[in-house]
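The values are calculated or read from the model by the stated rules, or taken from the named source; none is laboratory data. Treat the numbers as computed from the prediction; the structure is a model and nothing was measured. In this analysis, Cβ positions are derived from the backbone assuming ideal geometry, glycine residues included, and neighbour counts consider all displayed protein chains. Surface areas here come from the heavy atoms of the whole protein model, side chains and all, with no ligands, DNA or RNA. Shrake-Rupley method; radii C 1.70, N 1.55, O 1.52, S 1.80 Å.
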Amino acid sequence: MNSNQHLEFAKLVVELIGAILLPIALIFLTRWFTLKKEKSDNAIRESDQISKYIKLLASPNKKETLLALLSLTNLKESGHLSEDLMASVNLLATDKDPSVAAKAKILLSKDLKLMKINFEDRRLISELLLPLKVHFDRTRQIFKLWIKNTPSQPNEEIEEAIKESNNAVKNILFENWHLIPIDLIDDASSLTAHYDAWLEEYVRLRPDGKRLSEPTYVFVGHKGVGFPQESEERFIERYKSIVGDGITI
């Protein structure tokens with residue numbers, strides 16, 4: 001084979017290799033561009049989703065915020081919750097509304113599934129026990145503050161905060177009565193009776209929100225429906241018996 005034949009043979013080999021590799025290269029490039037586009041589309045969708053959730057979390061509509069937190073809780077359990085959204089939820093953990101704060105704290109807490117807590121108990125914690133505990137803790141701290149600095153006249157800020165939590169606990173118990181364990185039904189009834197009496201007395205003593213110099217605080221113990229401390233403690237003990245140190249409030 002002379003030099004011209006060698007050259008022609010080499011040219012033929014190159015053409016054959018090119019003919020084989022070109023389709024492979026085209027397939028590779030097509031796949032690369034497709035994957036890149038999919039990643040870009042996914043990034044856009046994720047960005048849109050984050051923006052929508054952040055808007056809902058910052059909504060002045062409490063119901064929208066609570067629904068967003070519930071949806072994010074489901075995303076977390078399926079492993080699809082981004083760190084950006086978790087950062088936004090973290091801001092709500094100290095929200096002035098205890099119901100919002102409770103839902104945010106559940107979302108930020110250790111995964112209840114990993115703690116081997118069954119579905120029924122997870123629901124009991126998230127919908128009943130933790131929201132109750134947040135309000136119990138809140139009113140206890142506020143009341144301690146009131147006792148420590150007993151005012152000479154009604155403290156509107158303190159009373160409004162306690163009124164808000166008392167009304168919230170009453171509603172939580174009423175709306176989730178079907179979740180209350182049988183052995184805590186009597187305690188729930190005692191708490192409800194107290195809150196009913198307190199709210200009624202509040203309206204009587206503070207008609208249309210007007211506060212006179214006396215009394216400096218709303219009490220209903222003298223009416224035979226003082227705060228059932230032991231009932232509160234039994235709800236908190238049930239919470240602790242399920243969760244332990246899994247969720248820090």
Between residue 182 and residue 91, what length in nm is gained on full extension when 0.36 nm per residue of separation is reduced by their alpha carbon distance? 29.2 nm
Along Cα→Cβ, 7 Å out, is where each label goes; now give me the distance between the ones at residue 120 and residue 241 in nm to one decimal. 1.3
For 174, 219, give the ranking by accessible area with the largest first, probe 1.4 Å. 174, 219
Could you sort 187-193, 151-157 so that the peptide with the highest average Cβ count within 10 Å comes first and the rest follow in order? 187-193, 151-157
Keeping every protein chain in place, order 150, 94, 139 by accessible area at 1.4 Å, biggest value first, i.e. largest first. 94, 150, 139
Considering only protein heavy atoms and a probe of 1.4 Å, how much of the accessible area of the range 99-199 is carbon and sulfur, as a whole percent? 53
Counting Lys and Arg as +1 and Asp and Glu as -1, each charge on the Cβ, what is the dipole of the range 122-249 about the Cα centre in debye, to the nearest 20? 200
